[in-house]
Amino acid sequence: MRVAIGSDHAGFHLKTVLAAGLRAAGHDVVDVGTDSDTAADYPDFAEAVGVAVRDTTADRGIMICGSGVGASVAVNKVPGIRGAVCHDTHSAHQGVEHDDMNVLVLGARIVGTALAHELVEAFLGARFSQEERHCRRIEKVRRLEGRDWSSP
């Protein structure tokens, strides 16, 4: 699987460890930065991960910041991206199965390395169910995303 991975400065070390693990597991990794733990703005890298997934440069994405919250907000501004901050394997897996989540967001200051590896494995191992109820709900999400909010 092709996986885009990015982080701000707070997630840099975890990103490096996860990218190495992904490569060792046979995945193609598209590392969109940052390349150090020098202060960097999470929206820049969240956008890069989201665009890589949207444009099919990657099949899925992983974005890491300190808490995961800011990166989750930012990545979801990219049309077609369904990202969520997950700190448990159930959410990381079910987010894909039920909600067609295509970007996993992690908080490097929240999860340890071992749990982060488990979350990535659960996320990448899951597939969207294609069940009618889930497809119907995703279509409603797409309509929300495409709605012109400038008029009431």
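Values in this text are rule-based calculations from the coordinates and carry no lab data. In this text the structure is predicted, and so the values were computed from the model without any measurement. We place every Cβ from the backbone using ideal geometry, glycine too, and count neighbours over all the protein chains shown.
A few notes on this one:
- Leading residue at positive end of dipole, the chain (Cβ point charges), from HIS117, ALA84, HIS13: ALA84
- What the Cβ-Cβ distance of ASP44 and ARG2 gives, at R0 = 22 Å and to the nearest 0.05, is a FRET efficiency of 0.60.
- A Förster distance of 22 Å, applied to the separation of the beta-carbon atoms of ASP148 and LYS77, puts the FRET efficiency at 0.85.
- Counting other Cβ atoms within 10 Å as a rough exposure proxy, the listed residues LEU124, LEU14, LEU104, LEU144 run LEU144, LEU124, LEU14, LEU104 from fewest neighbours to most.
- Taking the Cα centre of region 2-146 as origin and assigning +1 to Lys and Arg Cβ atoms and -1 to Asp and Glu Cβ atoms, the resulting dipole is close to 400 debye.
- Helix-only CD estimate at 222 nm, as mean residue ellipticity for the chain, using -39500 (n - 2.57) per DSSP H run (n ≥ 4): -14500 deg cm²/dmol
- Label-to-label distance for THR113 and GLU97 is 3.0 nm, based on points extended 7 Å past Cα in the beta-carbon direction.
- The smallest convex shape that holds all Cα atoms of region 1-61, its convex hull, gives 55 Å³ per residue.
- Rounded to the nearest 10 degrees, the angle from helix 12-24 to the longest Cα principal axis of the chain is 80 degrees.
- Placing pseudo-labels 7 Å out from each Cα toward the beta carbon at PHE128 and VAL141 gives an inter-label distance of 0.8 nm.
- Near ASP59, the amide H atoms lying under 5 Å from its own belong to ARG2, VAL3, ALA4; only residues 5 or more places off or on other chains count, and H is placed 1.01 Å from N.
- Here's the picture: charge each Lys and Arg Cβ at +1 and each Asp and Glu Cβ at -1 in region 2-146, and of SER129, LEU106, SER72 the one pushed furthest to the positive end of that dipole is SER129.
- Neighbours of ASN76, meaning other residues whose beta-carbon lies under 10 angstrom from its beta-carbon, give a summed charge of +1 when Lys and Arg score +1 and Asp and Glu score -1.
- DSSP loop trypsin sites (Lys or Arg not before Pro) with at most 15 other Cβ within 10 Å: longest gap in the chain: 1-76
- Cβ-based net charge around HIS9, under 12 Å, with every Lys or Arg adding one and every Asp or Glu removing one: -3
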